[in-house]
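J.: Questions regarding the structure given below will be posed in turn.
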Amino acid sequence: MGNELLEIKNLTTSFRIGDGYYAAVDDVTLTINKNEVLGIVGESGSGKSALAFSIMGLHNRVKIEGNIMLNGQDLVKMSNSKLNKLRGDDLAMIFQDPLTALNPLMEIGDQIAETLLLHKPDMSQKQRRTRVIELLNMVGIPKPEYVYGQFPHELSGGMRQRVVIAIAIANKPELLIADEPTTALDVTIQAQILDLIRELKEDIHAGIILITHDLGVVAEMADRVAVMYAGQIVEIADVYSLFENPLHPYTKSLLNSVPAEGQDKLHVIQGIVPSLKNLPRTGCRFAARIPWINESAHEENPVLHEVSPGHFVRCTCHEHFYIPEESKEEQSDGVS
Amino acid sequence: MGFLDVEDLKIHFPIKGGILNRTVGHIKAVDGVSFSVEQGKTYGLVGESGSGKTTTGRAIIGLNDITSGRILFEGTDITSKKSKTKDVKKDIQMIFQDPYSSLNPRKRVLDVIAEPLRNFEKLSKQEEKKRVQELLELVGLSPESILKYPHEFSGGQRQRIGVARAIALKPKLIIADEPVSALDVSVQAQVLNFMQDIQKELNLTYLFISHDLGIVKHMCDEIAIMYKGRYVEQGTKEDIFNRPQHIYTKRLIAAIPDINPRNRAEQFKFRKEVQREYEHSYDDYFDKEGLAYGLHPVSETHLVALPGKG
């Protein structure tokens, strides 16, 4: 194929809690192609952000095993100084909260120019300014010359996120990671930012990893979707297969818990997402949340099965899964 | 006489400035809002951040002082200080947005839920404990958890503790301010289902404040859309979602992401069209200050803010 941009092989990221290491990302293998939007969906604690931070090398004091290959280089083994050359250049990230991602004491224009200064030192000051104005225009900020000299607190949330995006795309990255880019924003602003990312994708031809908990956002943006639960990918497929023919019990449950047309009662996933320390390390990790499914339906060591070309699902329990008619058992999930 | 009537509610916050810290202007957080809610129904208040929806909710329960207007609860004016009887306070309760910050971390669940009971009802320790345990059972938590602290619970469970506290005094009206926006989707479903269940059981009325149109559509009978402190449109769920009249409502609805990926291109085009219409006809829908006009009825249930006829 030769179309792969980033290859993640058996990535395990472990955090230290007390005197042991616990894997928040557990044996994840994933490829991202050029010009592709890969959506990663999951609830809080599923490991989706830990995965993104591992790719960017932003974790402190963690144990990372496996490989992350970008253009033949392994990001896991790379030194920090070499990573710094990549970050902001080939690799860029859009963070969730635009207010904390920007420096409150620095002019907008200078913050964008900083990335250019670091990665393209031979640009003259004038060239840099021109490029910053061009970028502000690209992300749809009105009066860019004026905004150049403003500070983050003078801009609205949507405008700030546009600035963050401008910084991310300043050096035409090959891979752009967007971690919940619209969660902190109002719906109409969210629509604008998503449209912007979509338009920019055409321009910069980057591969995009879009991390979100919002299934609607994924349905609108992604080409392929990976669903994560408890540190593992439980299902991965192209966006149409995933929404029209979801297989894994977790994917099905998630899709059923969103209000939809003509739905009277929402589906409730029993129990809670286990904390990192109490994560079941053997067997199907979702088994405890679907106790009405017979134990024999699960695999002992669930692996991803390719059920149709490009559509992978973990464990065999999906073959036996059904959503109970009356999800009244929700009452019984109280703490013991 | 309605159950809850809000008449021409205005809440203006002063802007202080100058050397003497004098009032130099006002922020009109809520600027002439009127509506009425029927008992047993769910009334949705939708808007973006800064639209005044939370301020309206807080004013009804008495957390914000109002500038002018009246709020009638079962026929009694609850806005004048004198008539603020304890009974009314008991009948109106609130569920807060963030279950992590709305429960006192140093209080046990028993004390959290019993606090309203201690304020209004004189119960013995035994009776109080029994009531709290009943309430916990009602919200689907085990009665043994009364001695635990909030941090021992998950987000969804905490929000249900917040609900238990709100229904402790058997209120008639509950103001739910973004009750699920801090929760994961699966937990969201749990809390929403539960709110619907107890509504039927206790004949509760909800004022449901949210920015999420999908959830509002699922929960509410009547919906009002707010923008910059004013109503732009009000009507039944069908009026708002099937026959939106105001460009701002249309824009909000167009912004909801579609869960079917096949509709993607269409949705994208539709949104572009609405955006063009919004830019093109902005002046037809908003006055010189960018505020919505007064409401005019287009049908018996449906009101839209349009410039005065004639």
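The values are calculated or read from the model by the stated rules, or taken from the named source; none is laboratory data. Note that the coordinates shown come from a computational prediction; the quantities given were computed from them, not determined experimentally. Note that each Cβ is placed from the backbone with ideal geometry, even for glycine, and that neighbours are counted across all protein chains shown. Side chains are part of the model used for accessible areas, which takes the heavy atoms of the whole protein and leaves out ligands, DNA and RNA. Shrake-Rupley method; radii C 1.70, N 1.55, O 1.52, S 1.80 Å.
J.: Could you tell me which residue of region B:203-249 is farthest from the other protein chains (Cβ to nearest Cβ), considering only residues that are in a helix (DSSP H, G or I) and of a type in the set (A, V, I, L, M)?
T.: It comes out as B:I240.
J.: May I pose another question? Here is a check on your reading of the model: is A:V37 open to solvent by less than 10 Å² (accessible area, probe 1.4 Å), of a type in the set (A, V, I, L, M) and more than 17 Å from A:N171 (Cβ to Cβ)?
T.: yes
J.: Is it the case that B:L63 is open to solvent by 10 Å² or more (accessible area, probe 1.4 Å), farther than 20 Å from B:R160 by Cα and of a type in the set (A, V, I, L, M)?
T.: Considered against the rule, which asks whether it is open to solvent by 10 Å² or more (accessible area, probe 1.4 Å), farther than 20 Å from B:R160 by Cα and of a type in the set (A, V, I, L, M), B:L63 comes out as yes.
J.: Okay, next question. Between a residue in region B:119-132 that is touching a residue at least 40 places away in the same chain (Cβ under 8 Å) and any residue that is surrounded by 15 or more Cβ atoms within 10 Å (Cβ to Cβ), which pairs come within a Cβ distance under 7 Å, given they are 6 or more apart or on different chains?
T.: From residues that are touching a residue at least 40 places away in the same chain (Cβ under 8 Å), the pairs are B:F120/B:K90; B:F120/B:L169.
J.: OK, next. Can you give me the number of residues within region B:34-61 that are more than 21 Å from A:T188 (Cβ to Cβ) and either among the aliphatic types (A, V, I, L, M) or under 14 Å from the mean Cα position of the chain (by Cα) (or both)?
T.: Final tally of qualifying residues: 11.
J.: While we're looking at this one, here's another question. Going by what's in this entry, would A:V234 be described as outside any helix (DSSP H, G or I) and surrounded by 24 or more Cβ atoms within 10 Å (Cβ to Cβ)?
T.: Yes; evaluated as a whole, the condition is true for this residue.
J.: I'm told A:K172 meets every condition in (1) open to solvent by 40 Å² or more (accessible area, probe 1.4 Å); (2) modelled with pLDDT of 95 or more except one. Can you identify the failing condition by its number?
T.: Unmet for A:K172, out of (1) open to solvent by 40 Å² or more (accessible area, probe 1.4 Å); (2) modelled with pLDDT of 95 or more: (2).
J.: While we're looking at this one, here's another question. Restricting attention to region A:238-252, which residues are within 11 Å of another protein chain (Cβ to nearest Cβ) and crowded, with 24+ Cβ neighbours inside 10 Å?
T.: If the condition is that a residue be within 11 Å of another protein chain (Cβ to nearest Cβ) and crowded, with 24+ Cβ neighbours inside 10 Å, then A:L242, A:Y250 are the ones that fit.
J.: If B:V191 satisfies every condition in (1) open to solvent by 10 Å² or more (accessible area, probe 1.4 Å); (2) within 14 Å of chain A (Cβ to nearest Cβ) but one, which is the exception?
T.: Of (1) open to solvent by 10 Å² or more (accessible area, probe 1.4 Å); (2) within 14 Å of chain A (Cβ to nearest Cβ), only one is false for B:V191: (1).
J.: Moving to a separate point now. Filter region A:1-16 down to residues that are farther than 21 Å from A:M221 by Cβ and loosely packed, with under 14 Cβ neighbours inside 10 Å and give me whichever is modelled with the lowest pLDDT.
T.: The selected residue is A:M1.
J.: Regarding region B:141-161, can at least one residue be identified that is basic (K, R) and buried (at least 21 other Cβ atoms within 10 Å of the Cβ)?
T.: Looking through region B:141-161, at least one residue is basic (K, R) and buried (at least 21 other Cβ atoms within 10 Å of the Cβ).
J.: Here is a follow-up. Six or more apart or on different chains, Cβ atoms under 6 Å: show the pairs whose first residue is in region B:42-59 and among the basic types (K, R) and whose second is at pLDDT 90 or above and in a strand (DSSP E or B).
T.: That search, which allows pairs on different chains as well, returns B:K53/B:L45; B:K53/B:I209; B:K53/B:M226.
J.: Another one. Mind counting the residues in region B:276-295 that are of a type outside the set (F, W, Y) and open to solvent by less than 50 Å² (accessible area, probe 1.4 Å)?
T.: Number satisfying all stated conditions: 6.
J.: Further, regarding this structure: Output yes when any residue across region B:250-272 is polar (S, T, N, Q), within 22 Å of the chain's Cα centre (by Cα) and in a helix (DSSP H, G or I), and no when none is.
T.: Among the residues of region B:250-272, not one is polar (S, T, N, Q), within 22 Å of the chain's Cα centre (by Cα) and in a helix (DSSP H, G or I), which makes the answer no.
J.: If you take the residues of region B:167-184 that are crowded, with 20+ Cβ neighbours inside 10 Å and within 11 Å of chain A (Cβ to nearest Cβ), which of them is farthest from B:E74 (Cα to Cα)?
T.: B:D184
J.: Has region B:180-187 got any residue that is outside any helix (DSSP H, G or I) and among the polar types (S, T, N, Q)?
T.: Scanning region B:180-187 turns up at least one residue that is outside any helix (DSSP H, G or I) and among the polar types (S, T, N, Q).
J.: Still on this model: Test of understanding: among A:D19, A:D74, A:D90, which residue is open to solvent by less than 60 Å² (accessible area, probe 1.4 Å) and without any contact (Cβ under 8 Å) to a residue 12 or more places away in the chain?
T.: That would be A:D74, the only listed residue that is open to solvent by less than 60 Å² (accessible area, probe 1.4 Å) and without any contact (Cβ under 8 Å) to a residue 12 or more places away in the chain.
J.: Starting from residues that are modelled with pLDDT of 85 or more and more than 22 Å from B:S145 (Cα to Cα), keep the ones in region B:79-115 and report whichever is most open to solvent (accessible area, probe 1.4 Å).
T.: Result: B:K90.
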